[in-house]
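Encoded as structure tokens, the structure appears first; notes follow it.
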Amino acid sequence: MPVSKEILDEIALKQEEYDEIVRRLGREPNSVELGMFGALWSEHCGYKHSKQLLRTFPSESPYLLTAPGQENAGAIDIGDGLSAVIKVESHNHPSAIEPYQGAATGVGGIVRDILAMGARPIALMNSLRFGPLSEQQNRHLFNGVVSGISGYGNCIGVPDIGGEIAFAPSYSGNPLVNALCLGIVRSNEMVRAIASTPGNILLLAGAETGRDGIHGASGLASRTFEEDIELRPTVQVGNPFMEKILIEACLEVVKANLLEGLQDLGAAGLTSSIVEATTKGGTGFKLDVALVPRRESGMSPYEIMLSESQERMLLIVSPENVTTVTNIMEKWDIPCTAIGEVTGDGIARIFEGSNPVGAVPGGMLTHPPIYEVFGDKPNSIAELQNYDLKSLPTPADAPYDILLKLLASPNITSKEFVYRQYDHQVQTNTVLPPGTADAAVVRIKGSDKGLALSSDCNGRIGYLDPFVGGALAVAEACRNVSCTGATPVAITDCLNFGNPEKPDVAYQMVESVRGMVEACNSLNVPVVSGNVSLYNETKGTVIYPTPVVCALGLIDDVNKAVSSGFRNEGDSVFLLGSDVVSADVNYLAGSEYLEIVHGLVAGQPSIDLGLEVKLQSCCRSLVENQVVNSAHDCSEGGLAVALAESSIIGNLGFSGSIGNRDHWAPSLFGEQPSRVVVSVSKDKTHQFKDICYVSNTPFVWLGTVTSGEFSISGIIDGSLSEISSAWKTGLSIALGE
Amino acid sequence: MRFGIVVFPGTWSDTDCYHAVTEVLNQDAQYIWHQESNIRDIDCLVLPGGFSYGDYLRTGAIARFSPVMSAIKKFANDGGLVIGICNGFQILCEAQLLPGVLIRNDDLRFRCEWTNLKIENNGTKFTSRASQKELIKVPISHGEGNYYADSKTIDTLNNNGQVVFRYCSPSGQIDAESNPNGSIENIAGIVNDQGNVMGMMPHPERCCEEIIGGTDGRIIFESMIDSVP
């Protein structure tokens, strides 16, 4: 029977794609089969528009233990027989519709990706984007998302150690909610999401299956919101208590070495989890939907196969281990049911009791058509890039007033209001908690080692030049990790873009990825996992290209890790990465200053990756040799904001000069990348300079750490208490709290 | 000394407490599963933080019916040392081993941050290592830590020296600004009238090592260790 447009729309398949299914099958699919195709051929599961780009990411590393895209997360050997497992994932679309549950289940989903590797989740992070808080709807989304992350994350006993929050009009109505999880596993206990032995049993453990989240992958995550249709039923509802006991029970099963494979049920539920595990193992399966424990009656095979009910895991177990595994699940009061078995014929066979309701070769499902994306640089961007920044008028406000304004700006202000709602200390490993350093750092108990995490992306820069934006996201995430003293060893990314079928969005995707690849190659960091979220547009407004990059760093001696706050009065303050405080007006391109003071998003941003490499290596060497007492990179808000933040975090002040007083705007607020503010004890100044010379990294002396004044010679004459108050209250004020 | 660390489904500070008493303070410890009905060869019980059974109904409300609770009550009634931390405090209140109740924070938000505590009574088995009115820094992490009891109970607690900790400013002022959750009279921890069962919302196990921010929590564990011959 020819299928109607309404049905194809519901699962976001195109007519040509349907025709391709018919061609491959040699017949029309029935409704269960079509639903399975729709889910696995969705953008969310099938990466139709991004696979070609993802293949360009570097994945070579002697420490990488997983092939890209093959497992639920990327695993990196960190020595001592341990591996770090990491992934970031988006939950943008669900959060736009139902912010609390959308964000909560985003946390739950990424945690299960880590769990599926057999790893204990040890840290969470979030990268969030919203429209301006001046709009009520954006405040509603913001509060809902933060409460959802808090409500879910706090309950499962995994610390949320930071992340980033940014605001721009393009995210109004289409917030970005990217959740990251880091796990640790003994390398010899790592589990794969694979089913390669016919006869092995498929056990479904965890929550019962309901009607929530049907079409989450296809209908929700793979289209734009052009119309106000009721999509709330496509959002799942989380049960963090079930997640917590599922973590403990699965890890107990993993420790006992009872599994062939472990897989989480995320987007497209049972369908994707079983099909992916068996296809990878070169097998097939048969499954009886009547055996799946359900929380509501009357569910059809279609609904059971596509439900995205949360807190479920698939365990692939040999028949002789089934009883032991179910006993462990029982100890934790977790329902665990055999729902099918692995077969040798490569076919996904679905039954309802003894009635066959669908049979499709697994490989067909996991190989959707792949599209190349072709983009054109829009003229409007060229115009913005060519904007003459020299023509900017002198602002009416004094430099100090502008600094206070920037410190209070939601993009820059302290995010304590948010992170104090997250338990960031549980597991007692948090060495550098949120708000104290450029990257969060956790220790690894039983060793001196530590792991540093930072997530970054500047959407405004990406909008003005997606290549620079992509490169900068990688550079900044790695720079932040390096500022604490850790060596970046892996990147996980979340590519957030609009509709890839539009040429200007395709251009943003292609260029962003090209920039990321170039920066990864320069900095010698592999991309080990990630996720793509497309169709981030609401009623014609496309989000800024936002390739969120999370860098993982390894530090050999966590006791040496450095925070961003000044530590001692009298220390010398240097700028690393430049031998002069540049007054070049071009560095105002895409800056926070330009938007806040002049209401402009314009200019041509740039980055020098050669300098970036030297700078980061120099930073690490300075920390390793315990020469610097603090390190903080200059990013949004420029040098003046970096100096202010180091002062506020250290509860000390700064006094110094920046050279050119006439062109103070670019000097104070320009966002020239690859620069770090460090403080050095007077008796280590020689050692500091030696290390900079050896690594060929330029530097310039800026001033001295003081007890309470904050002054920049002839330009700013302020106090710690004033800058501190502006920075600490900015977010509450913007929220109207 | 041997600690018994009680584990309910949903408990998450169990491993943190275990690490603090064994690795940091060199004591023995074992986990006690919520299904246990016998507690043997244990000198001190720890009820750690977490969300026992998810705490969807009311914090600690389900845990009090757990099989292990009758064993805990017997242990406490026999004079055994019991400390309830965060969710453990909530459970001890629900089980009526301690008076009062913990309700939602007054700003209705979860709070994870460092607090200053004033030790109001250093004569207890949990605070003997401290000096009277000593100030310590201990982090909190809870959404329902707002201690409430009727005025008669509060009077009794005050008169008997049962208030062990109050939230205070860095200089020791007990004021509204230093109260993170709305607790009556800034109460952060109390002890029962026999002096062997204590509940506190802040997490001493999170501050036993300098590398994670401080060591003031040791005072509490070390006092307990001292109290057992």
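One residue alone among B:I212, B:I187, B:I225 is touching a strand residue (DSSP E or B) at 6+ places or on another chain (Cβ under 9 Å), open to solvent by 20 Å² or more (accessible area, probe 1.4 Å) and more than 12 Å from B:I136 (Cβ to Cβ), and that residue is B:I225. Taking every residue in segment B:106-120 that is more than 9 Å from chain A (Cβ to nearest Cβ) and without any contact (Cβ under 8 Å) to a residue 60 or more places away in the chain and pairing it with any residue that is among the charged types (D, E, K, R) and crowded, with 19+ Cβ neighbours inside 10 Å, at least 6 positions away or on another chain, the pairs with Cβ-Cβ distances below 6 Å are B:K118/B:R166; B:E120/B:R166. If you go through segment B:173-208 and keep only what is over 19 Å from B:D28 (Cβ atoms) and acidic (D, E), you end up with B:D175, B:E177, B:E185, B:D193.
If you filter segment A:12-26 down to residues that are charged (D, E, K, R) and assigned to a helix (DSSP H, G or I), you find that the one that is least open to solvent (accessible area, probe 1.4 Å) is A:E17.
The number of residues in segment A:605-636 being farther than 17 Å from A:A519 by Cβ and either open to solvent by less than 40 Å² (accessible area, probe 1.4 Å) or over 26 Å from the mean Cα position of the chain (by Cα) (or both) comes to 14. The residues of segment A:591-604 that are open to solvent by less than 10 Å² (accessible area, probe 1.4 Å) and either under 16 Å from A:L639 (Cβ atoms) or hydrophobic (A, V, I, L, M, F, W, C) (or both), listed by number, are A:S591, A:E592, A:Y593, A:L594, A:A602.
Give me the strands (runs of 3 or more DSSP E) completely within segment A:414-483, filtered to those with at least 3 residues that are surrounded by 24 or more Cβ atoms within 10 Å (Cβ to Cβ) and away from chain B (no Cβ under 12 Å), ordered by residue number. Don't jump to the end; show me each part of the working.
Numbers: elements: A:430-432, A:440-443, A:450-456.
Fully inside segment A:414-483 and qualifying: A:450-456.
Being open to solvent by 40 Å² or more (accessible area, probe 1.4 Å) and in a helix (DSSP H, G or I) is the filter here, so list the residues in segment A:289-301 that pass it. Selection gives A:A290, A:L291.
Pairs linking a residue in segment B:13-38 that is under 21 Å from A:V158 (Cα atoms) and more than 10 Å from every other protein chain (Cβ to nearest Cβ) to a residue that is in a loop (DSSP other than H, G, I, E, B) and open to solvent by less than 80 Å² (accessible area, probe 1.4 Å), with Cβ atoms under 9 Å and 6 or more positions apart or on different chains, are B:Y18/B:P48; B:V21/B:M1; B:V21/B:Q27; B:V21/B:C208.
Tell me which residues, restricted to segment A:535-554, are buried (at least 24 other Cβ atoms within 10 Å of the Cβ) and in contact with an Asp or Glu (Cβ under 9 Å, 6 or more places away or on another chain).
Kept after step one, since they are buried (at least 24 other Cβ atoms within 10 Å of the Cβ), are these residues of segment A:535-554: A:535-536, A:543-553.
Residues satisfying the conditions are A:Y535, A:I543, A:P545, A:P547, A:V548, A:V549, A:C550, A:A551.
Please give the number of the condition A:V680 fails out of (1) closer than 30 Å to A:N521 by Cα; (2) in contact (Cβ under 8 Å) with a residue 40 or more places away in the chain; (3) of a type in the set (A, V, I, L, M); (4) open to solvent by less than 30 Å² (accessible area, probe 1.4 Å). Evaluating A:V680 over (1) closer than 30 Å to A:N521 by Cα; (2) in contact (Cβ under 8 Å) with a residue 40 or more places away in the chain; (3) of a type in the set (A, V, I, L, M); (4) open to solvent by less than 30 Å² (accessible area, probe 1.4 Å) leaves (1) as the failure.
Would you pick out the residues in segment A:428-446 that are at pLDDT 95 or above and within 18 Å of A:D80 (Cβ to Cβ)? Within segment A:428-446, A:N429, A:V431, A:V441, A:V442, A:R443, A:I444, A:K445 qualify.
Examine segment A:348-357 for a residue that is surrounded by 16 or more Cβ atoms within 10 Å (Cβ to Cβ), acidic (D, E) and within 14 Å of chain B (Cβ to nearest Cβ), and state whether such a residue exists. If you could, list the steps in order and put the result at the bottom.
Start the filter on segment A:348-357 by keeping residues that are surrounded by 16 or more Cβ atoms within 10 Å (Cβ to Cβ), which leaves A:348-352, A:357.
Checking which are acidic (D, E) leaves us with A:352.
With the extra rule that they be within 14 Å of chain B (Cβ to nearest Cβ), the set shrinks to none.
Checked segment A:348-357: no residue is surrounded by 16 or more Cβ atoms within 10 Å (Cβ to Cβ), acidic (D, E) and within 14 Å of chain B (Cβ to nearest Cβ).
Of A:I328, A:I316, A:I304, all but one fail to be in contact (Cβ under 8 Å) with a residue 12 or more places away in the chain, assigned to a strand (DSSP E or B) and not polar (S, T, N, Q); the exception is A:I316. Of everything in segment B:136-150, what is away from chain A (no Cβ under 14 Å) and more than 18 Å from B:A176 (Cβ to Cβ)? Give them in sequence order. Answer for segment B:136-150, where residues must be away from chain A (no Cβ under 14 Å) and more than 18 Å from B:A176 (Cβ to Cβ): B:I136, B:A149, B:D150. For the subset of segment A:690-737 comprising residues that are part of a helix (DSSP H, G or I) and of a type in the set (S, T, N, Q), which member is most open to solvent (accessible area, probe 1.4 Å)? My answer is A:S721.
Of all residues in segment B:196-218, exactly one satisfies the criterion of being away from every other protein chain (no Cβ under 14 Å) and out of contact with any helix residue (DSSP H, G or I) (no Cβ under 8 Å at 6 or more places or on another chain), namely B:M198.
If we scan segment B:193-206, do we find a residue that is outside any loop (DSSP other than H, G, I, E, B), surrounded by fewer than 16 Cβ atoms within 10 Å (Cβ to Cβ) and in contact with a Lys or Arg (Cβ under 9 Å, 6 or more places away or on another chain)? Lay out the reasoning, then the answer.
Looking only at segment B:193-206, we keep the residues that are outside any loop (DSSP other than H, G, I, E, B), and these are B:197-200, B:204-206.
Still in the running and surrounded by fewer than 16 Cβ atoms within 10 Å (Cβ to Cβ): none.
So far as segment B:193-206 goes, no, none of its residues is outside any loop (DSSP other than H, G, I, E, B), surrounded by fewer than 16 Cβ atoms within 10 Å (Cβ to Cβ) and in contact with a Lys or Arg (Cβ under 9 Å, 6 or more places away or on another chain).
Quick test of your reading of the structure: B:F165 fulfils all but one of (1) within 14 Å of chain A (Cβ to nearest Cβ); (2) open to solvent by less than 10 Å² (accessible area, probe 1.4 Å). Name the failing condition by number. Exception for B:F165: condition (1).
Scanning segment B:39-57 for residues that are open to solvent by 10 Å² or more (accessible area, probe 1.4 Å) and away from chain A (no Cβ under 14 Å) yields B:I39, B:R40, B:D41, B:I42, B:D43.
Here is a list: A:L265, A:L258. Which entry is away from chain B (no Cβ under 14 Å), within 30 Å of A:Q427 (Cα to Cα) and touching a Lys or Arg at 6+ places or on another chain (Cβ under 8 Å)?
Details: A:L258 fails: touching a Lys or Arg at 6+ places or on another chain (Cβ under 8 Å).
After ruling out the rest, the residue left standing is A:L265.
In the set A:S95, A:S83, A:S42, only one residue is among the hydroxyl-bearing types (S, T, Y) and within 17 Å of the chain's Cα centre (by Cα); that residue is A:S95. Confirm whether A:G153 is on the phi > 0 side of the Ramachandran plot, open to solvent by less than 10 Å² (accessible area, probe 1.4 Å) and within 14 Å of another protein chain (Cβ to nearest Cβ). No; evaluated as a whole, the condition is false for this residue.
Identify, please: which residue in segment A:220-244 is surrounded by fewer than 23 Cβ atoms within 10 Å (Cβ to Cβ) and assigned to a helix (DSSP H, G or I) and is, among those, modelled with the highest pLDDT? Walk me through how you get there before you give the answer.
Residues of segment A:220-244 that are surrounded by fewer than 23 Cβ atoms within 10 Å (Cβ to Cβ), as a first pass: A:223-234, A:237, A:239, A:241.
Cutting the leftovers down to assigned to a helix (DSSP H, G or I) gives us A:232-234, A:241.
Numbers: A:R232: 53, A:P233: 57, A:T234: 64, A:F241: 94.
Among them, the one singled out is A:F241.
Is it fair to say A:L403 is under 18 Å from A:A583 (Cβ atoms), in contact with a Pro (Cβ under 9 Å, 6 or more places away or on another chain) and buried (at least 19 other Cβ atoms within 10 Å of the Cβ)?
Details: under 18 Å from A:A583 (Cβ atoms): yes; in contact with a Pro (Cβ under 9 Å, 6 or more places away or on another chain): no; buried (at least 19 other Cβ atoms within 10 Å of the Cβ): yes.
Here the answer is no, as A:L403 does not meet what is asked.
Whether any residue in segment A:646-655 is part of a helix (DSSP H, G or I) and surrounded by fewer than 24 Cβ atoms within 10 Å (Cβ to Cβ) is what I want to check. Within segment A:646-655 (the criterion being part of a helix (DSSP H, G or I) and surrounded by fewer than 24 Cβ atoms within 10 Å (Cβ to Cβ)), the answer is yes, since at least one residue qualifies.
Can you tell which of A:F130, A:F167 is within 20 Å of the chain's Cα centre (by Cα), modelled with pLDDT of 95 or more and open to solvent by 10 Å² or more (accessible area, probe 1.4 Å)?
Going through A:F130, A:F167 in turn, just one is within 20 Å of the chain's Cα centre (by Cα), modelled with pLDDT of 95 or more and open to solvent by 10 Å² or more (accessible area, probe 1.4 Å): A:F167.
I'd like to know if segment A:78-90 contains one or more residues that are touching a Phe, Trp or Tyr at 6+ places or on another chain (Cβ under 8 Å) and touching a residue at least 24 places away in the same chain (Cβ under 8 Å). Scanning segment A:78-90, I find at least one residue that is touching a Phe, Trp or Tyr at 6+ places or on another chain (Cβ under 8 Å) and touching a residue at least 24 places away in the same chain (Cβ under 8 Å), so the answer is yes.
The values are calculated or read from the model by the stated rules, or taken from the named source; none is laboratory data. Predicted model only: the values in this text are computed from it and were never measured. Here Cβ is always computed from backbone atoms with ideal geometry, including for glycine, and neighbour counts include all displayed protein chains. Please note that ligands, DNA and RNA were not included when accessible areas were found on the heavy atoms of the full protein model with its side chains. Shrake-Rupley method; radii C 1.70, N 1.55, O 1.52, S 1.80 Å.
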